[in-house]
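The structure appears right after this line, and notes come after that.
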There are 2 protein chains.
Amino acid sequence: MVKPDFDSATTAIGTPNIAFIKYWGKRDDSGLNTPNNSSISMTLDETLSTKTSVLFSERLGKDTLYINGDEEPIEGGRISEKSAYLKRILDHMKRIAGVDHHALIVSENSFPSGAGIASSASGAATLVFALSEALNLEMARKEMSITARQISGSACRSLFGGIVKWRAGTEKDGSDSYAEQVFDSSYWPELIDIIAIVDSSKKRVSSSAGHAATVKTSVLYGARPAFAENGVSEIERAVAAKDLNRLSMAIMRDSNNMHATMLDTWPPIMYLSDASKDIIYKVHELNESEGKCIAGYTFDAGPNAHIITSEEHRDRVMETLSEIDGIRETIESHMGGGPRLLGEKDCLIDEAGIAPKNSNTRKE
Amino acid sequence: MVKPDFDSATTAIGTPNIAFIKYWGKRDDSGLNTPNNSSISMTLDETLSTKTSVLFSERLGKDTLYINGDEEPIEGGRISEKSAYLKRILDHMKRIAGVDHHALIVSENSFPSGAGIASSASGAATLVFALSEALNLEMARKEMSITARQISGSACRSLFGGIVKWRAGTEKDGSDSYAEQVFDSSYWPELIDIIAIVDSSKKRVSSSAGHAATVKTSVLYGARPAFAENGVSEIERAVAAKDLNRLSMAIMRDSNNMHATMLDTWPPIMYLSDASKDIIYKVHELNESEGKCIAGYTFDAGPNAHIITSEEHRDRVMETLSEIDGIRETIESHMGGGPRLLGEKDCLIDEAGIAPKNSNTRKE
């Protein structure tokens, strides 16, 4: 193993993924984020991305994390559940690497502020990738995927580009629950995700709490895992055949199915807004007028729509979306290639190696 | 059997009911409206009502129906599914009574125009009751209930006052699928339904079409019938004990459960609006602040909320509702006693016996 250069920072970029078949519902309370069903997603390109710089240095007195310019506590009493996992993972990776220097981690999202687009998958995947590189751990992507999964379930899919499948696995310790690439990002380059941003209000229920509540209380949830497993196979077949009609249908059905189990949760979880519903109706109308599905909507734990379509139908889809009042902004993304290293000029840590270059002002 | 006076009109009044455990999903395509699960409801008082006058006379050249001042075709090619059933039922009842005169039927709803409150249960129940009386059929309420069910499923419950249970039954011909009173309207006189009207837009999917689509396409629906059957028993126990906490909980869970199966239908059926969701969240907050449920929301096939509570909590509930922007109007109803006959002064047919008193202008 090459000895890492602990005084020079490592910088990486990673991206979110949009699930075609969703992860909703954990197998147990282990904190390992092992899911009840497999899921499959498209990794997005760098239109939306997270950049993360990591520096290990003896000059640092403690582990420190900055996200979007603000320090995020990762030690002590009042830290978030995610930060606690992150600290555990940092300690774990340092132990494997035999490193006892403290770390400075600086992470920034390019996402439009308040866009309500989940940054946790992008953030956790990029962090694990950057840490592994900074510590010269030479981890296989599979190991990175397992590690990222423990910070934020769907992050395990953002370690790969293209179309990515997360096998649920069956082992209690989560050792067989990781993602892998099914098709690389060049397989279907015309496929696009048009993100329609409709709302910036804060979620009422964190998705982490929701996962547990649905499994425990929804009467209808029992039918979901098997339906989702079938959905994953259906998506694989649809992508293999580049069959947009089949792909769109499976994507829409799964999104509705997941949100239905959320509504049946006690107390109910409701992410779809009037604007989301307008988008759903309009996409159905568009597909009906075409006599087949040329676009499919899908919603994560929020009201923003992801419209999956292909380049040849972009104009029709954009025209359809333009008829909807509640859309604030649209963002288009192709498939991306997964996380990669960046050069020194992209480093987010100042020259003294003790603080972010741009601390402070990012947040409004 | 006393010979009916065919030249003097019969006038009756009936009311809607609000289901605590919902009817959603038919057993088959027979057109008999036999449900997959039993349901239970509260018949409302005459705050919202339907008045119906019926006249059989040899002076009439055809069967004619007026609803809210407008003639509704019940014969010929371009009539609604409901009108076709209604005509079949009229013919059937005339046949049993041995009457071949034509009928003039005039029906008016007191519901606020465009309130989006289902008038079909109230209308069909009142019609069957009025026809049976006009024809001196001396039908048992059970028979009236079976007859009304075929026009509009949930109408079978509006033939009775108080808390009414519709047993799903198992017979293919629907002969054991009818409603009966479980508690009369004086059993729990403090119980109220506060109807919060939020929207007047037209339904995207008629509930009749939705019933069939959910059973055929929803992956999650399979768990609903057994859940609803348990819910009916739970409601019976809660009402018997006048336990508002238990009653409210069961009501809310069933409403969410039904709307979840609707969302999982293909294409999806979505009746809850942003205002509906605000009401749901606010009722949960209210109940949490009380440490028990003092109110329960329920939604039929539309965005208007019915908040079930008791008189002692009315002010708290109204205060909670006043914090919600999207509510246009509230209407309060106690339990009602079911359909009854009215006197001559309420007759909706003109003195000549050939037209409504107030044809024309009711509709805006």
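The values are calculated or read from the model by the stated rules, or taken from the named source; none is laboratory data. Please read these numbers as outputs of a predicted model, since none were measured by experiment. Neighbour counts are summed over all protein chains in view; Cβ atoms, including those assigned to glycine, are modelled from backbone coordinates with ideal geometry. In case anyone asks, the SASA skips ligands and DNA or RNA and just uses the protein heavy atoms, side chains included. Shrake-Rupley method; radii C 1.70, N 1.55, O 1.52, S 1.80 Å.
Before moving on, here are some points about what is shown:
- Note that the stretch B:320-335 has calculated 3J(HN,Hα) couplings of 4, 5, 5, 7, 9, 5, x, 8, 8, 6, 10, 10, 10, 9, 8, 6 Hz, one per residue in order, obtained from phi through the Karplus relation 6.51 cos²θ - 1.76 cosθ + 1.60 (θ = phi - 60°); glycine and proline are x.
- Residue-normalised accessible area of the protein assembly as shown, given per residue in Å² at a 1.4 Å probe: 40 Å²
- Modelled label reach - A:S30, point 7 Å along Cα→Cβ, the stretch A:45-87 residues with backbone N closer than 17 Å: A:85
- Over 22 Å (Cα to Cα) - which of A:K142/A:K345; A:K26/B:K26; B:K94/B:K165; B:K62/B:K345; A:K26/A:K82; A:K277/B:K82 fall in this group: A:K142/A:K345; A:K26/B:K26; B:K94/B:K165; B:K62/B:K345; A:K277/B:K82
- Classified by the C-alpha gyration tensor, the protein assembly as shown has a prolate form. Its axis ratio a/c, with a ≥ b ≥ c, is 1.5 or above, and a/b is larger than b/c.
- In the stretch A:206-232, the residues that give up 50 Å² or more of accessible area when the other protein chains are added, compared with the chain on its own (1.4 Å probe), are A:V219, A:L220.
- Student exercise, the protein assembly as shown dipole from Lys, Arg, Asp, Glu Cβ charges, in Debye to nearest 20: 1320 debye
- Residues whose amide H comes within less than 5 Å of that of B:I349, counting only those at least five positions distant or on another chain, are B:K357 (H built at 1.01 Å from N in the peptide plane).
- A 1.4 Å probe over all protein chains sorts B:K94, A:K292 by accessible area into A:K292, B:K94, starting with the largest.
- Average beta-carbon neighbours from other chains, 10 Å sphere, peptide A:250-262: 5
- On the beta carbon distance between A:S208 and A:D315, with R0 = 35 Å, the FRET formula returns roughly 0.35.
- Long-range amide H partners of B:R27 with built H, under 5 Å: B:T34, B:N36
- Residue-level accessible surface for A:S175, protein heavy atoms, 1.4 Å, Å²: 50 Å²
- Size of electric dipole in the stretch A:10-346: Cβ of Lys, Arg +1 and of Asp, Glu -1, about Cα centre, debye, nearest 20: 940 debye
- Each stretch of four or more DSSP H residues adds -39500 (n - 2.57); spread over every residue of chain A, this sum gives -10500 deg cm²/dmol at 222 nm.
- Between the amide H of B:I192 and those of B:T309, B:S310, B:E311, distances stay under 5 Å, these residues lying 5 or more places away or on another chain, with hydrogens modeled in the peptide plane.
- Atom-type composition of the exposed protein surface of the stretch B:10-346 places 47 percent of the accessible area on carbon and sulfur (1.4 angstrom probe).
- Chain B: C-alpha gyration tensor shape, a/c 1.5 cut-off, then a/b vs b/c: prolate
- Dipole of the protein assembly as shown, positive end: most advanced residue of B:H101, A:S30, A:A148 [Cβ charges, Cα centre]: A:S30
- Each chain gives up part of its surface: B and A jointly bury about 3100 Å² of accessible area, both sides summed, for a 1.4 Å probe.
- Stretching the chain fully between A:K142 and A:E329 yields a gain of 63.8 nm (0.36 nm per residue, less the alpha carbon separation).
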